[in-house]
Amino acid sequence: MIKKPPSGVHLSEADVTRLTLDKSEQNRSSVAQKLGHQIDTGLSAEERGIAEDILRSLAHDVAVTVRQALAESLKSSPNLPKDVAQTLARDVEEVALPILQHTPTLSDDELIEVVASGSELKQTAIAQRPNLSATVSDVLVEQGTENAVAELMRNGTAQINEKGFDRALTRFPDSNKVHGGILERDTTLPNKVTARLVTMVSDQLLDYLVKRQDVPEEVAVDVLLRSRERATMHLFSDEDAARNDVLELVKNLDEGGHLNGSLLLRSLCMGDLEFYEAGLSHMSGLPLVNARLLIYDEGPLGLKTIYERSEIPLMLLPASRAALNVVRETLFDGAEGDIERRRRRVLERVLTQVDALNDDDMDYLINKLDSLSPIDFLTEARMLAGELPHPQPSA
């Protein structure tokens, strides 16, 4: 016989009578909902004991809909008995998911046990929990499915250490879901993680990456280089499409707080005049045509004027002016791989001819030079002299 519930639990006499006489699934579900919603009200020790007995009975009800109604009504309760929480968490997915996603009384060990069970939906529910501990996050990253790990990455309150991010990228190197989840986090990402993402994410996510304000300057430059290489690889039907691509990149970099004089100087030293022009146009607020007139002014005032208008430190002006001259004098040779060869030539000339670079910019450019394939100068000289044919682009 079912005991009468305590007065603090708002089941009416009619509810109790129906529960005793009407054993229908619908009636039991209704009682489960009412009891679940009222368990957090002020109860005496005796009243709470009676209420918990009813909860335990309903948690083992043969009808899934009854247990589901109980789980949904109790999911956020801090007073849910641990044994009832464990019972519901191990139940079928329809019952367990709200408990796994919300119930605060489940321990890390209990959550890890569920993760190990292999159910993707249960893993995903755990990944969505608020304030998930680093311990559970590590296990999810190691054992979770792609969807579960993506949800974990997207959960801005979950504690994830640098090792966890790194392992997620290693397990799912081609997953837009996982990469996108990381980029959607509103917490600061470790520098090594953002640097690794630059080489892994899709073109669409690369545009999103540059909008993040926690991207270090060195990584922002790498994003710029990859974006510009992507643009070079694309066969645009007209010049307007190419121009729109670089203008969109400039806008995204500005939104992320990465568009500055140092970034423009580094891009210029890598031989990218188009981005340099677009960046100065955007920062100065001048139309591209007007910006170009100032950039290529033969006198001393043009470049200085647009730098002042763009609020770029004038200490960068000597290096920028020298690098600009080097880039304009260093042409493409038209053979296969000429983009990288020109970039290397520009870097070598900038590093040997430009004295005004600061240490950070100098170190960055030296590292970039080291990463490029060495030029066979003898072969190149013989090609230029006409002694050897230029390599032809691949079909």
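The values are calculated or read from the model by the stated rules, or taken from the named source; none is laboratory data. Since this is a predicted model, take the numbers as computed values, not measurements. Using ideal geometry, Cβ is built from the backbone for each residue, glycine included, and neighbour counts are taken over all protein chains shown.
Just for the range 189-217: of the residues that are among the β-branched types (Val, Ile, Thr) and under 10 Å from the mean Cα position of the chain (by Cα), which one is surrounded by the fewest Cβ atoms within 10 Å (Cβ to Cβ)? By that ranking, first place goes to 193. Screening the range 247-317 for helices (runs of 4 or more DSSP H) wholly inside it with 3 or more residues that are within 20 Å of residue 224 (Cβ to Cβ) and in contact with a His (Cβ under 7 Å, 6 or more places away or on another chain) returns no ranges. Entry remark, the range 302-334: residues being at positive phi and among the small types (Gly, Ala, Ser) number 1 in total.
The set of residues in the range 182-207 that are assigned to a helix (DSSP H, G or I) and among the hydrophobic types (A, V, I, L, M, F, W, C) comprises 182, 183, 193, 195, 197, 198, 205, 206. Could you list all residues from the range 60-76 that are in contact with a His (Cβ under 9 Å, 6 or more places away or on another chain) and buried (at least 19 other Cβ atoms within 10 Å of the Cβ)? Result: 67, 73, 74, 75. Of all residues in the range 253-301 being aromatic (Phe, Trp, Tyr) and closer than 22 Å to residue 207 by Cα, which is modelled with the highest pLDDT? If we take residues in the range 253-301 being aromatic (Phe, Trp, Tyr) and closer than 22 Å to residue 207 by Cα, then 276 is modelled with the highest pLDDT. Per the conditions (1) surrounded by fewer than 17 Cβ atoms within 10 Å (Cβ to Cβ); (2) outside the structural domain of residue 127 (by TED's automatic domain parsing), the sole criterion not satisfied by residue 220 is (1).
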